[in-house]
Amino acid sequence: MPKNQSTAAQNARRASRSGGKYTEALRREKASEAPRTPHVLRFLAERSGNLYHLVGGIAAVWAHGGQRVLLLEEAEDFWRWTMSGARRSRSRSKKETEPAAPPEPTTSTLWAAPDGPGLLTRHTCMWEARQPVRENNRGLPRADRSPLAAAVADAVDSHDVIVLLPRRWSYPDREIATAHVVLGEIDVFPDSDCRTVLPGPGGEEEGSPLSPEQSAAVLRERCLGFLFGPLRLPITLDGVIWQSNWDLPVDAAYLAGVDRDMNRVGLRPLGWSLARRRSYSYKQLPAPDQMKDPSFVQQYRPVAERLHVALDARPANRN
């Protein structure tokens, strides 16, 4: 065997000795050796306040597995910041008017492996810049998304996964994100139809049980309706993760039936997560101490691993 032969060629030659085709094996080996472009992941959710622990838990699993993960968070809503600056300008004289100063970016390490590459970092910055008001935009400042693009570009070479955490989670980032995953939050799991309240003591009748397929249809209408409004543009989804805020009233076989129906309509199921809502802080990522707790990380491992497999299986350069 030539001394300067690449590792891919060596592995391909071994595969050919076992009966495989050398050219096909070499192509697979070179593809596996080629550096992968980091995933820029955007979660979509109608109400994101109770889902921060889920996202933080998934990111922590990846970091504990040796991935370098960045949580790229929007510092402040762009329009609120610009409009508050405009209100301050109107309340002052022209000589005293000063442009509103955006908040400074901040970076913190949430978890780092003591003896490995695993790293979970949080970077908070403005995603949009204010542009001068023009006549053709009806007096509203024009959004400039270059700060977000610059922040992603700065992080690409040093991270394996970049998770976008915007102020408003429901609308996708088609220009920046390379993958979109839906987070469906469930308050009451639809395992039966409407209950009837009858007069007299104990007058509540249980509704008729729903099949897994019927339950899946209700979940799509109830939790994913925000994706299908009249003003929404088509978007390719890479999967859906469900979080229930209360104990589920059905067993694993029932949930498997729900997953099959979701898969049938093109919503790739990536797992179920249970979060007792009252124990979590609203719109707060897990504390750094939780990121170090193996028991906390373990509960999100099945969902995180399935999601990572789905991301790695995506076609190259698909937006």
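Results, tabulated for the structure shown:
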| read-out | value |
| --- | --- |
| Among residues of region 66-81, those that are crowded, with 18+ Cβ neighbours inside 10 Å, outside any strand (DSSP E or B) and at pLDDT 60 or above, counted | 2 |
| Matching entry among Leu227, Leu255, Leu183 (being modelled with pLDDT under 90, of a type in the set (A, V, I, L, M) and surrounded by 12 or more Cβ atoms within 10 Å (Cβ to Cβ)) | Leu227 |
| Pairs, first in contact (Cβ under 8 Å) with a residue 60 or more places away in the chain and within 8 Å of Leu183 (Cβ to Cβ) in region 41-56, second part of a loop (DSSP other than H, G, I, E, B) and of a type in the set (Gly, Ala, Ser), C-beta under 6 Å, six or more apart | Leu51/Ala45 |
| For Ala60: the one exception among (1) within 30 Å of Tyr171 (Cβ to Cβ); (2) hydrophobic (A, V, I, L, M, F, W, C); (3) in contact with a helix residue (DSSP H, G or I) (Cβ under 8 Å, 6 or more places away or on another chain); (4) modelled with pLDDT under 95 | (4) |
| All positions within region 270-319 that are modelled with pLDDT under 95, within 16 Å of the chain's Cα centre (by Cα) and acidic (Asp, Glu) | Asp312 |
| Hey, Pro190 in a loop (DSSP other than H, G, I, E, B) and modelled with pLDDT of 90 or more or not | yes |
| Of all residues making up region 147-166, the number that are among the charged types (D, E, K, R) and surrounded by 15 or more Cβ atoms within 10 Å (Cβ to Cβ) | 1 |
| Top-ranked residue of region 90-140 - restricted to ones that are modelled with pLDDT under 90 and among the acidic types (Asp, Glu), ranked as farthest from the chain's Cα centre (by Cα) | Glu96 |
| Qualifying positions in region 258-277 - assigned to a helix (DSSP H, G or I), of a type outside the set (A, V, I, L, M) and surrounded by 13 or more Cβ atoms within 10 Å (Cβ to Cβ) | Asp259, Arg260, Asp261, Asn263, Arg277 |
| Residue match in region 233-251 (condition: surrounded by fewer than 19 Cβ atoms within 10 Å (Cβ to Cβ), modelled with pLDDT of 95 or more, more than 23 Å from Leu70 (Cβ to Cβ) and among the hydrophobic types (A, V, I, L, M, F, W, C)) | yes |
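The values are calculated or read from the model by the stated rules, or taken from the named source; none is laboratory data. For clarity, every value in this text was computed on a predicted model and none was experimentally measured. Cβ atoms come from the backbone with ideal geometry, glycine included; neighbour counts cover every protein chain shown.
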